1. Taking 7 Å along the Cα-to-C-beta vector as the label spot, tell me the residue 37-residue 74 distance in nanometres, rounded to one decimal.
2. Test of understanding: ordering 92, 52, 182 by Cβ neighbours within 10 Å, fewest first, what list do you get?
3. Return the FRET efficiency for the residue pair residue 88, residue 60: r is the Cβ-Cβ distance, R0 is 22 Å, and the value is rounded to the nearest 0.05.
4. Stretch residue 95-residue 28 to full length: gain in nm at 0.36 nm per residue minus the Cα-Cα span?
5. May I ask you to sort 98, 78 by Cβ crowding, counting other Cβ atoms within 10 Å and putting the fewest first?
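What follows is calculated from the coordinates using simple rules that are stated; it is not laboratory data. Please read all numbers here as calculations on a predicted model, not as lab measurements. Please note: Cβ atoms are built from the backbone with ideal geometry, for glycine as well, and neighbour counts cover all protein chains shown.
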């Protein structure tokens, strides 16, 4: 058997096969108004870029894994300011209005018109009915900090509860999850 011919043929075939492989990652996918790009999502209405997973979780190419971390409001501010994610380092905590934009998809349950976060875009388990002091069974928090303080309250800030898509006032030392956002310039 002529091994040189076989080896030469295999090398030629492997070079041909490799030259036909895509040289870049697949293009982003659009779901509703969101342009999904692996671990980040761009809202085409607001032009904001969101982290797909909560801080503490990681994107595995299909869903968010791990356990969302909980922070007090002051620590959340510090963590967001120092965050580096998906090649960007200008992340921040969303305002109340920005965060509520994520809770505008109604449930699929007949007769229930409760806004909630798009589970395909931001894969988190269903939070409806979760107790206020707990996170759901996968460790994903249903409550997320906003950067918006309650006017004239001293130490109270707004959070959004994604079980029902509403805002709530909470003391700054309370512990909640954090989803990062940045202006998509």
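1. According to this spin-label approximation, the distance is 3.6 nm.
2. On the way: 92 15, 52 24, 182 21.
Fewest to most other Cβ atoms nearby, the residues stand as 92, 182, 52.
3. Values: r = 20 Å, r/R0 = 0.90.
Rounded to the nearest 0.05, the efficiency is 0.65.
4. Numbers: separation 67, 0.36 × 67 = 24.12 nm, distance 2.59 nm.
Here the answer is 21.5 nm.
5. On the way: 98 20, 78 11.
Sorted ascending by nearby Cβ count, the order is 78, 98.
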